[in-house]
1. Sorted by packing (mean other beta-carbon atoms within 10 Å per residue), highest first, where do 23-35, 77-89 land?
2. Using every Cα-Cα pair within the chain, state what percent have a distance larger than 19 Å.
3. With every protein chain present, what is the per residue accessible area of the stretch 4-113 (1.4 Å probe, Å²)?
4. Let's see if you can work this out: charge +1 on each Lys and Arg Cβ, -1 on each Asp and Glu Cβ, no other charges. What is the dipole magnitude of the stretch 12-78 about its Cα centre, in debye to the nearest 20?
5. For ARG38, what accessible surface area do you get with a 1.4 Å probe? Give it in Å², rounded to 10.
6. Amide H neighbours of GLY106 under 5 Å, counting only residues 5+ apart in sequence or on other chains, H built in-plane at 1.01 Å?
7. Among all the lysines, which ones have a C-alpha under 24 Å from LYS43's C-alpha, if same-chain residues fewer than 8 places away are not counted?
8. Carbon and sulfur together cover what percent of the accessible area of the chain at a 1.4 Å probe radius?
Amino acid sequence: QVQLVESGGGLVQPGGSLRLSCAASGSFRSFYVMGWYRQAPGKQRELVASLASGSSANYADSVKGRFTISRDNAKNTVYLQMNSLKPEDTAVYYCRTWGPESWGQGTQVSVSS
């Protein structure tokens, strides 16, 4: 079983930046695909970005050019650097692995002046 713990959320003004971290433990393997989803109030959970080891990243159109996903396999950690944040980026952000499927508990990101 894989455990995921997110950190780095918070309140930021429009145009600001945040970096989310997700540390994996348990039966995690470095070849697992890792990624980030988000869920805003009243909306469905959506994929933000995903990254396989040694592969290129995939991004939602709404975050391309503003968000960057990266990973440190030595630390079993995936990051999401979020720049030029907008109010519509406000959501709970969840870390996820594929194969097996595991989810973190979520971290709140709020973008407001």
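1. Output ranking for 23-35, 77-89: 77-89, 23-35.
2. On the way: 2453 of 6328 pairs.
Result for the distance tail: 39 percent.
3. 50 Å²
4. Details: 9 positive and 3 negative charges, 15 e Å.
Value, rounded to 20: 80 debye.
5. About 20 Å², rounded to the nearest 10.
6. Residues meeting the criterion, in which the H sits 1.01 Å from N, are GLU6, CYS95.
7. Hits, sequence-local ones excluded: LYS64, LYS86.
8. 47 percent
The values are calculated or read from the model by the stated rules, or taken from the named source; none is laboratory data. Not measured: the values here are computed from a predicted model. Backbone-built Cβ (ideal geometry, glycine too); neighbour counts: all protein chains shown. Calculation scope for accessible area: heavy atoms of the full protein, side chains included, ligands and nucleic acids excluded. Shrake-Rupley method; radii C 1.70, N 1.55, O 1.52, S 1.80 Å.
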